[in-house]
Amino acid sequence: MYSDKVIDHFQNPRNVGDLPDCNGIGKVGNQACGDMMEVYIKVEEGRLADIKYKTFGCGAAVASGSMGTEMAKGMTIEEAMKITNRQVAKALDGLPPEKMHCSNLAADGIRTAIEDYFSKQKIGKGE
Ligand code: FES
């Protein structure tokens, strides 16, 4: 049912935990199931220098957070904004159709964290 990559990222999730010096946080909920994910990013010179996540979600959400953050790490903000749930699922060699919604948490979490970063920059500049 699950690919080897999903199982690997579920059993050995990358980038789990807090990022105390983050400058963007994305908190998202999944309308389909009510599960949640938080993504923390540290932006340096327009790139995601570091990224972590935590989720109260299922195994597919854990694997999606792990893969999504691995994909986003080192990307420019513009590149990371374009990560879609389908790309995350594809990188995991697919998710079962009934689990595709779980990958939304990762893509939406990354995007929301970047939006939070932008809003903090504006506040910092007094706009
Ligand atoms: Fe809720 Fe997977 S069932 S994130």
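Derivation of every value follows stated rules applied to the coordinates shown; laboratory data play no part. Keep in mind that this is a model prediction, so the values were computed, not measured. Ideal geometry is used to build each Cβ from the backbone, glycine not excepted, and the neighbour counts take in all protein chains shown.
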Report task. Please work out which residue is nearest to Met81 (Cα to Cα), limiting yourself to the stretch 11-62 and to residues that are of a type in the set (S, T, N, Q) and in contact with a helix residue (DSSP H, G or I) (Cβ under 7 Å, 6 or more places away or on another chain). Result -> Asn23
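Where in the stretch 20-64 are the strands (runs of 3 or more DSSP E), entirely inside, with at least 2 residues that are small (Gly, Ala, Ser) and either away from the ligand (no atom under 15 Å from the Cβ) or closer than 28 Å to Ile123 by Cα (or both)?
Numbers: elements: 24-29, 36-44, 47-56.
So the answer is 24-29.
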Report summary line: Among (1) in contact with a Cys (Cβ under 9 Å, 6 or more places away or on another chain); (2) closer than 14 Å to Asp108 by Cα, Lys82 falls short only on (1)
